[in-house]
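The structure appears below as structure tokens.
The values are calculated or read from the model by the stated rules, or taken from the named source; none is laboratory data. Predicted, not measured: the structure shown is a model, and the values here were computed from it. Cβ atoms come from the backbone with ideal geometry, glycine included; neighbour counts cover every protein chain shown.
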Amino acid sequence: MRANSLDEVITAMYASMCFEEGSQPDWEAHAELFAPGARLVRVTADGVFAFDPGSFRRDLETKIASGALRSFWEGEVSRETHAFGDVAHVLSGYATRTSRDGEPLGRAIKSIQLYRQHGRWWISAMLWQREHAHFTLPAELPGVPTTSGV
């Protein structure tokens, strides 16, 4: 997958993680979005968990194999993008579900750092944290914009 715009990268990143029971995320598409040396960081009340794309995949595959995660859908609900030349930051709010049409389980935010090289955008780092009673998505985070061509 050649991600020529920021919008294509973010859309593909969310799409690659969604799967129905009996299947897996689209790991090939997911891996193609990340730069060599990329970091994925999950921030929770229990701690901070850092991965490279391969260890993130293994962590999720373990949850799928154990039955702890049978299907998963996440979809963007808001986005704020800042780009300068060949570097960009995307603050992306999203909702999670256990099925495509299921009720939302919760919301979270991703902070995504990207750079453009060789005519395409690469994710170099992605951090995320779920919303909870004392930490909610910022009200000022705008809705998803139309494709800007960045």
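Filtering G85, G67, G54, G47 for residues that are out of contact with any strand residue (DSSP E or B) (no Cβ under 6 Å at 6 or more places or on another chain), under 15 Å from L127 (Cα atoms) and not β-branched (V, I, T) leaves a single hit, G47.
Could you please let me know if F34 is among the aromatic types (F, W, Y) and under 24 Å from S124 (Cβ atoms)? Answer is yes for this residue.
I'd like to check something: does the stretch 96-107 contain any residue that is modelled with pLDDT of 95 or more and farther than 21 Å from Q24 by Cα? Please lay out each step first, then the result.
First, the residues of the stretch 96-107 that are modelled with pLDDT of 95 or more: none.
Among the residues of the stretch 96-107, not one is modelled with pLDDT of 95 or more and farther than 21 Å from Q24 by Cα, which makes the answer no.
Look through the stretch 31-57, keep the residues that are touching a residue at least 60 places away in the same chain (Cβ under 8 Å) and not aliphatic (A, V, I, L, M), and return whichever of them is farthest from W128 (Cα to Cα). Give the steps one after another, and end with the answer.
Just the residues of the stretch 31-57 that are touching a residue at least 60 places away in the same chain (Cβ under 8 Å), to begin with: 33-35, 37-45.
Next, only the ones that are not aliphatic (A, V, I, L, M) stay: 34, 37, 39, 42, 44.
On the way: F34: 16, G37: 18, R39: 11, R42: 5, T44: 9 Å.
Of everything passing the filter in the stretch 31-57, G37 is farthest from W128 (Cα to Cα).
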